[in-house]
Amino acid sequence: MWLRAFALASCALGFTPIVPAAPAVHGMVANATCPVILQKTFPRLQDETPQNLCQYAGKVVMVVNTASYCGFTRQYEGLEKLYARHVSQGLVVLGFPSNDFGQQEPGDSKQIADFCFNTYGVKFPMFGKSVVQGSHANALYRELIQATGQEPRWNFHKYLIDRKGKVLASYPSETAPEDPRLVADIKRALAVP
């Protein structure tokens, strides 16, 4: 209450009031150096430790919804190669397992993590299984869908976010990690500081 009165009085006298720290966003304090789209926390797949996505601020981010028993599951290999090839330049791939499509991700976190690592050697960050479509989509996916107008229609749909948090593009499941257009878009985003 006093803060509002102070701000009104300051404005009346021609001063610009100093505002307090940014408000909480999704249970955490907003961070001026972290884009709003990354100001979210999800459990890490391997051990369910909460992971703040702000740790990826300043990186080019590819977000992909994954599944272990899908015709596109072999894309894990390409995603891992893409990540390994460009991680030193600032690319991070974030995997979000989902059982939304064809019930193709029925396992629990340990089963999914073991499958990803043992079958495809996945080292890029993976998060706990969540919903990625419809009204129950996780907070990140709701924002990605809103920014692009494109909701995942199947497993391995991809979104590309630039270093400043702008959603650049959306790619359907059929777009492989080696796709020349996708790779060109990533390289172009990585070239921007």
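The values are calculated or read from the model by the stated rules, or taken from the named source; none is laboratory data. All of these numbers come straight from a predicted model, not from anything done at the bench. Backbone-built Cβ (ideal geometry, glycine too); neighbour counts: all protein chains shown.
Remarks
- Scan of segment 72-96 for residues that are outside any helix (DSSP H, G or I) and either at pLDDT below 95 or under 16 Å from the mean Cα position of the chain (by Cα) (or both), ordered by number: Gly90, Leu91, Val92, Val93, Leu94, Gly95, Phe96
- The residues of segment 168-193 that are among the β-branched types (Val, Ile, Thr) and buried (at least 20 other Cβ atoms within 10 Å of the Cβ) amount to a single one, Ile186.
- Flag if Asn155 is polar (S, T, N, Q) and more than 19 Å from Val36 (Cβ to Cβ): yes
Per-residue answers, yes or no, for (1) in contact with a Leu (Cβ under 8 Å, 6 or more places away or on another chain); (2) surrounded by fewer than 21 Cβ atoms within 10 Å (Cβ to Cβ); (3) touching a residue at least 12 places away in the same chain (Cβ under 8 Å); (4) in a helix (DSSP H, G or I):
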{"residue": "Val63", "(1), (2), (3), (4)": "yes, no, yes, no"}
{"residue": "Asn118", "(1), (2), (3), (4)": "no, yes, no, yes"}
{"residue": "Lys123", "(1), (2), (3), (4)": "no, yes, yes, no"}
{"residue": "Val132", "(1), (2), (3), (4)": "no, no, yes, no"}
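- Checking each residue in segment 48-61 for being over 15 Å from Leu160 (Cα atoms) and either in contact (Cβ under 8 Å) with a residue 60 or more places away in the chain or aromatic (Phe, Trp, Tyr) (or both) picks out Glu48, Gln51.
- In segment 84-97, residue surrounded by the most Cβ atoms within 10 Å (Cβ to Cβ) [restricted to those that are of a type in the set (A, V, I, L, M, F, W, C) and without any contact (Cβ under 8 Å) to a residue 60 or more places away in the chain]: Val93
- Screening segment 65-83 for residues that are small (Gly, Ala, Ser) and surrounded by 18 or more Cβ atoms within 10 Å (Cβ to Cβ) and picking the one that is farthest from Gln39 (Cα to Cα) gives Ser68.
- Residues of segment 33-61 that are more than 23 Å from Ile112 (Cα to Cα) and part of a loop (DSSP other than H, G, I, E, B): Thr33, Cys34, Pro35, Gln39, Ala57, Gly58, Lys59.
- Here Val131 does not qualify as in contact with a Cys (Cβ under 7 Å, 6 or more places away or on another chain) and either within 17 Å of Pro97 (Cα to Cα) or of a type in the set (D, E, K, R) (or both).
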